[in-house]
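We did not get these values from a lab; they are worked out from the coordinates using the rules stated. Because the structure is predicted, anything quoted here is derived from the model rather than measured. Cβ sites come from the backbone with ideal geometry, for glycine too, and all protein chains shown count toward neighbours.
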Amino acid sequence: MFECTVREIAQVAHEANRAYCKVLQDKTQPDWVDAPDWQQESVIAGVKAIVENPSLSCEQSHEKWMERKLREGWKWGEVKSIERMEHPCLKPYKLLPEEHKIKDLLFGAVVRVLMPAFPGTTACESGPHQVQEETDTATPARPPDCCLSPDRQKEFLGDPPNPQANLEQPEQ
């Protein structure tokens, strides 16, 4: 499995949102490489919030984004204006138009899809989540039970699987 940094996940999430914004005729989103530092840092903060809490809802993610914007001096405005620091999405999630709620859904989906490539996270039937960091390289960190096959669970519990169990018995 390849690995991604938070910045790389943020870049992919930003570009996905930028492409979606183009569909909405919103051409205010620059390419990641042209995005100002404050914008990249905002996206990175959104990625970190989801990596730290994979069950974060779209509404919670939007609220965190909004809190950050307000702390930085942004205010609600009918039209997005970087110069005036105004944004039409600076309102409670439930008041957002559906197309803007989809942006939050898309952002979270991209982050969650890429999370297994981020060191310290994994994905399984339960969805992406963080795993225990290894503190002793002689003893590997135990992944959550939901990520382990029954044989791997036994291995971590001290009952190693029987390598002969899957071999066919010779005919007599």
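Once the piece of chain linking LYS27 and GLU86 is laid out straight, how much longer is it, given 0.36 nm per residue of separation minus the C-alpha distance between them? The partial results should precede the final answer.
Values: separation 59, 0.36 × 59 = 21.24 nm, distance 1.59 nm.
Roughly 19.7 nm would be gained on extension.
Using a simple spin-label model with points 7 Å from Cα along the Cα→Cβ vector, what separation in nm is obtained for LYS101 and ALA19?
Simple spin-label model gives 2.4 nm for this pair.
Residue separation times 0.36 nm, minus the C-alpha to C-alpha distance between LYS94 and SER57: what's the value?
Full extension from LYS94 to SER57 adds 12.1 nm.
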